[in-house]
Amino acid sequence: MSQYRQITGIRVRGAASAPYAAQLLAQGLGETAEGTTVDLDVDPALPEGGYRIEVPERGAIRLTGDPFAGLVYAARELLTLATPAGLPLGVRTGSPGMPLRTLWTWDHSTNWDLRQLGQQELGALNPYAKSADAFGADYRRLVDFCSRERIGGIVVYGLLRDAHGGVEAARELCEYANARGVRIIAGIGVNAYGGIYFDGRHRFNLATWLRQRPDLAAELPKKVGFDIDDFGDLHFPASEYMMAACPSQPDNLAWNRDAVDWLLDTLPVGGINFETGDYGSCACHRCTARTGGERTSWSYEAMRSVYPTLLETARRKGPAGVPLRHLVEVYWDNIFDLDAQKPLAELPDDVAYQYCVNRGFWYENRDRLTAAHVEKLPHTTNVLRTHAGSQWNRQRHSWVPEMYADMGTRAGGAGIRGLTIFAEASAYHPTNEISYLAYARFTWNPGLAWADFWRDEVAPRFGGDAEAEAFRAGAALLDDPPATADALAAVRGDALDMVAATGGDIQRRWLWLAERSARHAHCVD
């Protein structure tokens with residue numbers, strides 16, 4: 001008996017529950033009135049991204065998924081299963097090992113459509129230098145990548161900005177992403193980072209608010225910025241972007257609450273990434289008295305004073321009727337400092353608390369990330385966010401798939417519910433491409449073996465196992481400050497040999513390494 005079922009066309013039932021999944025199936029398998037029926041069913045009991053594929057010998061093929069992303073994932077997998085012999089019979093299921101898989105971005109430095117002028121690669125409080133239509137062009141490509149690789153959400157700081165279309169551009173992006181099973185998570189500063197509407201003359205832009213009410217401004221230190229061990233001393237330029245509001249002023253809390261209400265009434269976002277600011281905590285007499293002199297780049301007491309009200313305001317249903325996903329930033333390299341986190345214990349437990357780690361901190365402390373420690377954290381849903389692999393750890397275009405695999409395996413095994421990485425650089429860059437794929441695969445399945453990932457995902461993209469090893473070695477040299485011009489020229493020569501011997505995307509990847517190594521060699525003193 002054949003283990004495959006020949007399909008000469010399909011007709012989809014239940015397309016209203018997942019129009020984009022139905023579109024994928026029709027394009028991939030062909031749609032005819034007499035075709036095999038494919039039923040699309042929604043099961044709210046499945047975890048987000050969960051799905052089931054049933055291909056019987058005869059009768060309807062059935063795809064079942066959660067209300068938001070599962071049917072898109074199921075449709076994509078069914079298409080990958082198709083062979084000249086037909087679709088393999090049987091039942092297949094899938095669900096994410098780490099359910100909160102999120103990419104983190106600033107709008108101004110997200111470069112996925114590389115034809116655009118005005119690209120930036122660094123910064124957190126920057127003007128938008130591209131044309132207005134570049135915002136959608138960049139983020140649609142990133143959404144498409146996430147949908148293909150089963151990455152559940154994208155945090156966007158600068159989502160609302162006059163320079164790239166304001167509310168309408170943000171709404172178009174949210175709708176595009178929701179259809180493809182990807183949440184757009186609004187990155188907002190509470191009393192910092194521009195507020196809800198990052199840049200523009202809008203009532204929920206923080207600078208606009210503080211120009212009207214200067215008495216509500218925070219008293220910040222002379223230096224506005226912070227230090228990251230793997231980056232160095234960072235100063236933000238004086239501008240209205242870095243204005244901050246005092247968290248001890250009730251009028252500021254009311255303004256932030258109204259802003260969250262407005263955001264959720266206005267845009268079909270998939271959630272909010274809340275941040276109270278990390279470039280200086282208020283030193284006014286009210287805040288100093290309340291915090292007992294707490295003086296860091298951020299304030300736990302400020303979080304405790306504002307988050308309960310804002311999280312209660314934001315507790316709503318989102319796209320497809322699923323609960324919104326909210327991430328609460330609790331800043332970096334402090335996941336093992338339980339005493340410092342005590343002020344957070346009173347905060348609501350139905351959101352995810354996001355601990356950022358830098359690469360040096362990770363390698364020094366990763367053995368401490370155990371299930372026993374995660375049990376001691378103040379809340380039940382915790383996420384890692386890492387600067388590793390980003391400009392903040394001097395790794396924007398570095399080869400870091402091993403690090404992401406390590407984080408996914410260790411964090412998933414310890415009971416951490418998600419991992420957030422920066423993904424502003426396009427997957428056109430093969431170093432970023434492989435790093436993102438490692439992130440996607442090891443957060444979906446933290447038990448994945450590195451050898452299997454290398455065999456299935458890495459080696460074929462460079463022309464074979466030995467070739468992939470050579471690419472990895474060449475890419476590592478780009479991040480080696482003592483690398484000589486001769487060593488880099490040798491990498492360029494080997495890469496050009498591969499360019500001559502290959503074609504298509506394999507050739508493109510080697511061409512990237514040839515150009516990059518030539519650029520680095522040119523700049524060696």
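Of all beta bridges that DSSP places with both ends in segment 270-406, some 5 percent have antiparallel geometry.
In degrees, nearest 10, range 0 to 90: what is the angle between the Cα axis of helix 504-523 and the longest Cα principal axis of the chain? Helix 504-523 sits roughly 40 degrees off the main axis of the chain. Suppose R0 equals 41 Å. What FRET efficiency, 1/(1 + (r/R0)^6) with r the Cβ-Cβ distance, do residue 3 and residue 144 give to the nearest 0.05? With a Förster radius of 41 Å, E is 0.80. Only four residue types carry charge here, +1 at the Cβ of Lys and Arg and -1 at the Cβ of Asp and Glu. Report the dipole size of the chain about the Cα centre in Debye, rounded to the nearest 20. Charge dipole of the chain: 840 debye, to the nearest 20. Maximal additional length on extending the residue 39-residue 131 stretch stands at 28.9 nm, based on 0.36 nm per residue less the C-alpha distance. Packing here is the average count of other Cβ atoms within 10 Å per residue, and on that basis the peptides 176-186, 193-203, 316-326, highest first, run 176-186, 193-203, 316-326. Site pair residue 203 and residue 476 shows an inter-label distance of 5.8 nm when each label is modelled 7 Å from Cα along Cα→Cβ. Compared with the direct C-alpha span, the chain from residue 346 to residue 116 gains 78.2 nm at full extension, assuming 0.36 nm per residue. Per-atom-type breakdown for segment 355-481 gives carbon and sulfur 49% of the accessible area (1.4 Å probe, protein chains only). Solvent-accessible surface of the chain, taken per residue with a 1.4 Å probe and all protein chains present: 39 Å².
Taken along its three principal axes, the alpha carbon spread of the chain comes to 80, 60, 49 Å, from the longest extent down to the shortest. Bridge orientation summary for the chain: considering DSSP beta bridges with both residues in this region, about 30 percent are antiparallel. If a spin label sat at a point 7 angstrom from the Cα of residue 525 along the line to its beta carbon, the backbone N atoms of segment 469-485 nearer than 19 Å would be those of 478-485. In terms of the mean number of neighbouring beta-carbon atoms within 10 Å, the peptides 515-521, 80-86 order highest first as 515-521, 80-86.
Multiplying the residue separation of residue 23 and residue 507 by 0.36 nm and subtracting their alpha-carbon distance yields 171.1 nm.
Mind running the shape call on segment 80-216? Use the C-alpha gyration tensor, a ≥ b ≥ c as the square roots of the eigenvalues: rounded below 1.5 for a/c, prolate if a/b tops b/c, oblate otherwise. Prolate, since a/c reaches 1.5 and a/b exceeds b/c. Between helix 300-313 and the chain there is an angle of about 60 degrees, using the helix long axis and the longest principal axis of the Cα atoms.
Can you find, among 145, 10, 188, the residue farthest towards the positive end of the dipole of the chain? Put +1 on the C-beta of Lys and Arg, -1 on that of Asp and Glu. Comparing the listed Cα positions along the dipole, 10 ranks first.
Note on segment 1-97: Kirkwood radius taken over Cα pairs, Stokes-Einstein applied at 37 °C and 0.692 mPa s, translational D equal to 250 µm² s⁻¹. Legend: calculated FRET efficiency, residue 365 to residue 289, from the Cβ-Cβ distance at R0 = 45 Å, rounded to 0.05, equals 0.85. When the square roots of the Cα gyration tensor eigenvalues are ordered a ≥ b ≥ c, the ratio a/c for segment 39-88 is 1.5 or more and a/b does not exceed b/c, which makes its shape oblate. Label point of residue 450 set 7 angstrom out along Cα-Cβ; within segment 402-443, amide nitrogens under 17 Å from it belong to 402-413, 434-443.
The values are calculated or read from the model by the stated rules, or taken from the named source; none is laboratory data. Because the structure is a prediction, the values reported are computed rather than measured. Glycine gets a Cβ as well: all are built from the backbone with ideal geometry, and neighbour counts include every protein chain shown. These accessible areas exclude ligands, DNA and RNA; they are computed on the full protein's heavy atoms, side chains included. Shrake-Rupley method; radii C 1.70, N 1.55, O 1.52, S 1.80 Å.
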